[in-house]
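Working notes for the structure below.
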Amino acid sequence: MTDPLPNDRVGVYLDDVARRLTDLDPGERAEILAGLREHLAGALAEGPRPPTAADVGRVLDELGPPEDVAAAALADLDRGSAHGPRSSRPVGRSPVLSRAWMPAVVGALLVLGCAVVLGPALVAAVRLAFNGAPADGSVMSAELLAVGAGAVLGLPVWALAAGLMLTSPLWAGAYRLLGVLLLPGLVLATAVVLGVAGSALLNASGLVPVAGVLVLAAAASWSVVKVWRSGAARAPGASAAPAARVAAGR
């Protein structure tokens, strides 16, 4: 069986969103769908003409699953209702995990977790830079302890942040995976950096461990910003089309 044509895929996607907005006033539902069509048309116009199925799939993935887009639209409208009546058919309050402050909370947890992991690692790296690697080429016990301490202290922070991202509709796809794996990956990377830096072969390059930890800190900062922007783009107050553009990093 061949893949559906691009226009068919877009139509199916919009129909899925529309089915999740049946409680809305027809005018509001039509306005949301029109905004989605406009965004999709603009995004597809940036690629080859006519767009391929792969191009359509990429744009739809960036926009997010239909249920997440519909949930963000409902939450946005519900938030706007605090300033006046928005329709004759009310929509329930948005879920707590879809609130506008959720990306900031997750971002703060990720920053805290990264600091807890990288702080001891940086201290251990400085120790290696000044004291050198052990003669037998093994990692010093203090450096191993630093990595372990960071992992243990960061575990509850990681568990909370990962739980929020996995249950909140504000994250999906690659950005959800990036946020969930960020802290475990950082722990593994710091162990590798300190292990390599502890090798007798690099004993003469004392700044290698420090530079490695600083590179990890820069990569972690970039990842946190991407995860935060992805969630903020889907939060109430951010319309669906700008949300996709922000999440795609355009």
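Observations
Conditions tested, residue by residue: (1) at pLDDT below 80; (2) among the polar types (S, T, N, Q); (3) surrounded by 13 or more Cβ atoms within 10 Å (Cβ to Cβ).
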site	(1), (2), (3)
Asp3	yes, no, no
Tyr13	no, no, yes
Leu24	yes, no, yes
Leu74	yes, no, yes
Val106	no, no, yes
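- Qualifying residue in the range 235-245 (condition: modelled with pLDDT of 85 or more and open to solvent by less than 60 Å² (accessible area, probe 1.4 Å)): no
- Cβ-Cβ under 9 Å pairs, at least 6 apart or on other chains, the range 8-33 side closer than 27 Å to Thr52 by Cα, far side part of a loop (DSSP other than H, G, I, E, B): Arg9/Asp3; Gly11/Pro4; Val12/Pro4; Asp16/Pro65; Ile32/Leu21; Ile32/Leu24; Ile32/Ser239; Leu33/Leu21
- For the range 43-72, the tally of residues that are within 24 Å of the chain's Cα centre (by Cα) and assigned to a helix (DSSP H, G or I) stands at 19.
The rows are residues; the columns are (1) in a helix (DSSP H, G or I); (2) modelled with pLDDT of 80 or more; (3) under 30 Å from Ala233 (Cα atoms); (4) open to solvent by 30 Å² or more (accessible area, probe 1.4 Å).
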{"position": "Val123", "(1), (2), (3), (4)": "yes, yes, no, yes"}
{"position": "Ala133", "(1), (2), (3), (4)": "no, no, no, no"}
{"position": "Leu145", "(1), (2), (3), (4)": "yes, no, no, yes"}
{"position": "Gly150", "(1), (2), (3), (4)": "yes, no, no, no"}
{"position": "Leu155", "(1), (2), (3), (4)": "yes, yes, yes, yes"}
{"position": "Trp158", "(1), (2), (3), (4)": "yes, yes, yes, yes"}
{"position": "Ala162", "(1), (2), (3), (4)": "yes, yes, yes, no"}
{"position": "Trp171", "(1), (2), (3), (4)": "no, yes, yes, no"}
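The values are calculated or read from the model by the stated rules, or taken from the named source; none is laboratory data. Fair warning: this is a prediction, and the values are worked out from it, not measured in the lab. In this analysis, Cβ positions are derived from the backbone assuming ideal geometry, glycine residues included, and neighbour counts consider all displayed protein chains. Just so you know, the surface numbers come from the protein's heavy atoms only, side chains and all, with ligands and any DNA or RNA stripped out. Shrake-Rupley method; radii C 1.70, N 1.55, O 1.52, S 1.80 Å.
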